Amino acid sequence: MTTPVCKGASAAAVFPSFSSYVRARGPVLLRAARSLSANPNDAEDLLQTALAKTFVAWERIEDHRALDGYVRRALINTRTSQWRKRKVEEYACDELPEPDTAPVPDPAELQGLRDAMWRAVMRLPARQRAMVVLRYYEDLSEAQTAEVMEVSVGTVKSAVSRALAKLREDPELAMIG
């Protein structure tokens with residue numbers, strides 16, 4: 001009696017469905033994909049593509065004992081196609097195409113602006129101040145603000161509009177802006 005060289009080959013199972021095949025052989029196929037790609041995420045994408053190709057051809061594959069070979073060939077062909085399609089477009093130029101960086105504002109100036117804005121908000125009437133705080137500091141919608149304040153949405157809209165007009169005319173904010 002002869003002993004098979006590869007024990008897994010003689011005991012190869014015939015899988016009743018594609019999902020049972022993927023469940024049983026997924027980890028082994030993922031290792032094969034990882035050997036073809038340095039990035040583990042790219043390896044997972046590669047395996048997913050190869051399994052999609054296998055799923056499309058599932059009915060045409062006659063010998064389900066050779067599925068691993070079919071998927072491995074799909075892995076290699078897919079990886080080769082990706083490698084061939086990869087283009088690196090580099091053009092020589094006299095100047096570097098780096099964007100102009102906007103100047104970073106001074107944190108002290110930003111804090112001064114925030115303080116001035118808060119003082120201006122504190123000068124608003126209590127009801128307008130509450131609505132501005134709910135709308136813009138707490139980021140509530142007009143409907144949520146109306147619900148909290150127990151007023152209509154129209155009241156919130158008009159009160160916030162009047163409050164913003166007062167803030168635009170505030171002399172302290174006008175000096176800063």
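The values are calculated or read from the model by the stated rules, or taken from the named source; none is laboratory data. Here the structure is a predicted model, which is why all the values come from computation and not from measurement. Neighbour counts are summed over all protein chains in view; Cβ atoms, including those assigned to glycine, are modelled from backbone coordinates with ideal geometry. The protein model used for the area step is the full one, side chains on, heavy atoms only, and it has no ligands, DNA or RNA in it. Shrake-Rupley method; radii C 1.70, N 1.55, O 1.52, S 1.80 Å.
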**Fill in**
For the chain, the longest principal axis of the Cα atoms and the Cα long axis of helix 107-122 enclose an angle in degrees, to the nearest 10, of 60
**Item:** Selection from A165, M131, S17 lying farthest towards where the dipole of the chain points positive, charges on Cβ
**Value:** S17
**Request:** Specify which residue in the list A108, W118, A66 is farthest towards the positive end of the charge dipole of the stretch 58-128, using unit charges on the beta carbon of Lys, Arg (+1) and Asp, Glu (-1), about the Cα centre.
**Result:** A66
**Item:** Backbone HN-Hα couplings from phi across the stretch 29-45 [Karplus 6.51/-1.76/1.60, Hz, Gly and Pro as x]
**Value:** 5, 5, 4, 5, 5, 5, 6, 8, 9, 6, 8, x, 5, 5, 5, 5, 5
**Prompt:** So, with +1 on the Cβ of K and R and -1 on the Cβ of D and E, and no other charges, what is the size of the charge dipole of the stretch 24-125 about its Cα centre, to the nearest 20 debye?
**Reply:** 840
**Request:** Compute, for D100, the solvent-accessible surface of its heavy atoms (probe 1.4 Å) with the complete set of protein chains present, and express it in square angstrom to the nearest 10.
**Result:** 150
**Request:** Working with all protein chains in place, sort L110, L140, L46 by solvent-accessible area computed with a 1.4 Å probe, largest first.
**Result:** L110, L140, L46
**Prompt:** Which value, in debye to the nearest 20, describes the size of the charge dipole of the chain about its Cα centre when Lys and Arg Cβ atoms bear +1, Asp and Glu Cβ atoms bear -1, and nothing else is charged?
**Reply:** 1120
**Prompt:** Candidates (i) 23.3; (ii) 10.6; (iii) 9.6; which is the computed mean projected area of the Cα convex hull in nm²?
**Reply:** (i)
**Item:** Phi to ³J(HN,Hα) by Karplus 6.51 cos²θ - 1.76 cosθ + 1.60 over the stretch 152-166, Hz, x for Gly, Pro
**Value:** 7, 4, x, 5, 4, 4, 5, 5, 5, 4, 5, 5, 5, 5, 5
**Asked** Could you give the longest part of the chain that holds none of the GluC sites (Glu not before Pro) found in DSSP loops with at most 12 neighbouring Cβ atoms within 10 Å?
**Response** 1-58
**Prompt:** To the nearest 10 square angstrom, what accessible area does I61 show with a 1.4 Å probe?
**Reply:** 20
